[in-house]
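For reference, the structure is listed below as structure tokens.
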Amino acid sequence: MNRMLLAGVCAVALLATGVTAAKAGDDEDLDLKVKWKGAPEFSNKDGSFKFKIRGRIMGDYDNVDQDTAITGEPDISGTELRRARLGVEGVIMTNFKYKFEVDFAGDEVSTKDAYVAWANWAPVEKSEVRAGNQYVYSSLEQVTSSRFITFNERAAFIDAFFLERQIGVGVLLGDDHWSFQTGYYGAPPDEQGDFSDDTSAFTVRGTVAPINTDTTVLHAGASYRHRDAGTSRDTGTAELFQYRARPDNHLADRFIETPNFASGDDMFVLEGAAVFKSLSVQGEYAQLEADDALAGFNPTYNGYYIDASWFITGEMRNYEADSGEFGRTKVLNPVTDGGWGAWQIAGRYDVLDLSDGSGAIPGCTECGEQKTWLIGLNWLTTDYTALKLQVAQAEIDGGANDGAEITSVGLRAQIDW
């Protein structure tokens, strides 16, 4: 299976390169240009055709004290290939874009971004209609690439409330001070064909950046998502939703979780961020109301985080207003030029509360609240390479793991192209 997908990626790459070369041969104005963006990006003279191979590798070492006396789970000292992605992206005839990327981490193959887009159809900086596997646009930290998030893992509510990719159609608009995304989605790729009636989601997200200058950014946003559980083809019954999260370390066990009980849910997210030169503050609040198909009780769950970071070496986080997300940081003095790279210190407080209705929902033995403190030190050696160190402590309130303290250390080496 891995070989087949890898061959598919290579075939797409060869096809796209062939199309560009053929067009260049047909028209003397389409001269081949090469631009370095972590890897070569090939384009013709006017940029109406582009092609680039893309990917990322993230290797982790994690040490986790799981408070065995309370949780019954053993401590962990292990390595992990957290992400190992390979793909292609490009532009055809100016107004059509494509992106295809698969992940081979964990000796499993999963499809990530895989879509085609009609672009540049509106008189704004960014306008796309995307069809395929893509993000369900619901959170600042979720839509920000894993290459550019401050900590090794995203906040707990993103893990718990499933803010990931699904197959659907999305509309994206944006300019220098605002962005808007909406879409309707079916099953994710690993579940396609499993349902007689697909898991479905509708989402809408808007952001504004009233201040967006070379030294200062002020960002605010909000989103709403409605989701309905799919009906299994095998059993003819609904595949009910479950909510759970790890304590900000991917090798750790989950110590708060609900049973599979929800036939649908509604989620609201508020987001905010401020950047002033090398200082940055970011936070989000999410509230989810689940439709209980078993007990008739509709619990309300919530999660939030706030973090702050500072580039000691003077860099500034790169904000992309037309999509309402953070992008690649420009390292002022990369080690490849004899510099020290970019050094960033950061801290985060992260809360996820799944305790509502714990007594009313059958099997809710681990429904509780998780509070996590994290501190991190990031060394961006170049624009495309980084080492990240973080220390986290999570406290569990309620449920079978009440009183547990989970302490972890995580080290990551990453590169992307």
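If you go through region 301-332 and keep only what is crowded, with 20+ Cβ neighbours inside 10 Å, of a type in the set (A, V, I, L, M, F, W, C) and not in a loop (DSSP other than H, G, I, E, B), you end up with Phe311, Phe326. Selection of region 213-234 for residues being over 14 Å from Phe276 (Cβ atoms) and assigned to a strand (DSSP E or B) yields Ala220, Gly221, Ala222, Ser223, Tyr224, Arg225, His226, Arg227, Asp228, Thr231, Ser232. Within region 228-249, the residues that satisfy the criterion of being of a type outside the set (Ser, Thr, Tyr) and open to solvent by 10 Å² or more (accessible area, probe 1.4 Å) are Asp228, Ala229, Arg233, Asp234, Gly236, Ala238, Glu239, Leu240, Phe241, Gln242, Arg244, Arg246. In this structure, is Leu374 open to solvent by 10 Å² or more (accessible area, probe 1.4 Å) and either in contact (Cβ under 8 Å) with a residue 12 or more places away in the chain or in a strand (DSSP E or B) (or both)? Considered against the rule, which asks whether it is open to solvent by 10 Å² or more (accessible area, probe 1.4 Å) and either in contact (Cβ under 8 Å) with a residue 12 or more places away in the chain or in a strand (DSSP E or B) (or both), Leu374 comes out as no.
Conditions tested, residue by residue: (1) in contact with a strand residue (DSSP E or B) (Cβ under 6 Å, 6 or more places away or on another chain); (2) open to solvent by less than 10 Å² (accessible area, probe 1.4 Å); (3) not acidic (Asp, Glu).
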site: Thr336; (1), (2), (3): no, no, yes
site: Ala342; (1), (2), (3): yes, yes, yes
site: Ile345; (1), (2), (3): yes, no, yes
site: Val351; (1), (2), (3): yes, yes, yes
site: Leu354; (1), (2), (3): yes, yes, yes
site: Gly357; (1), (2), (3): no, no, yes
site: Gly363; (1), (2), (3): no, no, yes
site: Glu366; (1), (2), (3): yes, no, no
site: Trp379; (1), (2), (3): yes, no, yes
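Looking only at residues of region 200-212 that are among the polar types (S, T, N, Q) and under 14 Å from Ala273 (Cα atoms), we find that the one that is farthest from the chain's Cα centre (by Cα) is Asn212.
Within this structure, Ser179 passes the test of being closer than 21 Å to Gly272 by Cβ, buried (at least 17 other Cβ atoms within 10 Å of the Cβ) and not β-branched (Val, Ile, Thr).
Out of curiosity, is Thr203 surrounded by 22 or more Cβ atoms within 10 Å (Cβ to Cβ), at negative phi, hydroxyl-bearing (Ser, Thr, Tyr) and outside any strand (DSSP E or B)? Judged against the criteria, Thr203 is not a match. Total residues in region 250-270 satisfying the condition of being open to solvent by less than 10 Å² (accessible area, probe 1.4 Å) and under 30 Å from Ser309 (Cα atoms): the figure is 5. Taking region 56-84 as the range and being open to solvent by less than 20 Å² (accessible area, probe 1.4 Å) and in a strand (DSSP E or B) as the test, the residues that pass are Arg56, Met58, Asp60, Asp62, Val64, Gly78, Arg83, Ala84. Residues in region 112-143 that are surrounded by 23 or more Cβ atoms within 10 Å (Cβ to Cβ) and part of a loop (DSSP other than H, G, I, E, B): how many? Selection size over region 112-143: 4.
Looking at Val116, Val88, just one residue is touching a residue at least 40 places away in the same chain (Cβ under 8 Å), among the β-branched types (Val, Ile, Thr) and farther than 30 Å from Ala404 by Cα, and that residue is Val88. Cβ-Cβ distances below 7 Å connect the following pairs, each with a first residue in region 26-43 that is open to solvent by less than 100 Å² (accessible area, probe 1.4 Å), a second residue that is hydroxyl-bearing (Ser, Thr, Tyr) and at pLDDT 90 or above, and a separation of six or more residues or different chains: Gly38/Tyr384. Can you find even one residue in region 155-173 that is farther than 23 Å from Asp292 by Cα, open to solvent by 40 Å² or more (accessible area, probe 1.4 Å) and in a loop (DSSP other than H, G, I, E, B)? No, because not a single residue in region 155-173 is farther than 23 Å from Asp292 by Cα, open to solvent by 40 Å² or more (accessible area, probe 1.4 Å) and in a loop (DSSP other than H, G, I, E, B).
The values are calculated or read from the model by the stated rules, or taken from the named source; none is laboratory data. Only a predicted model underlies this, so the values are computations on that prediction, with no experimental measurement involved. Positions of Cβ are backbone-derived with ideal geometry, glycine not excepted, and every protein chain shown enters the neighbour counts. Just the protein is used for accessible areas: all its heavy atoms, side chains included, with ligands, DNA and RNA removed. Shrake-Rupley method; radii C 1.70, N 1.55, O 1.52, S 1.80 Å.
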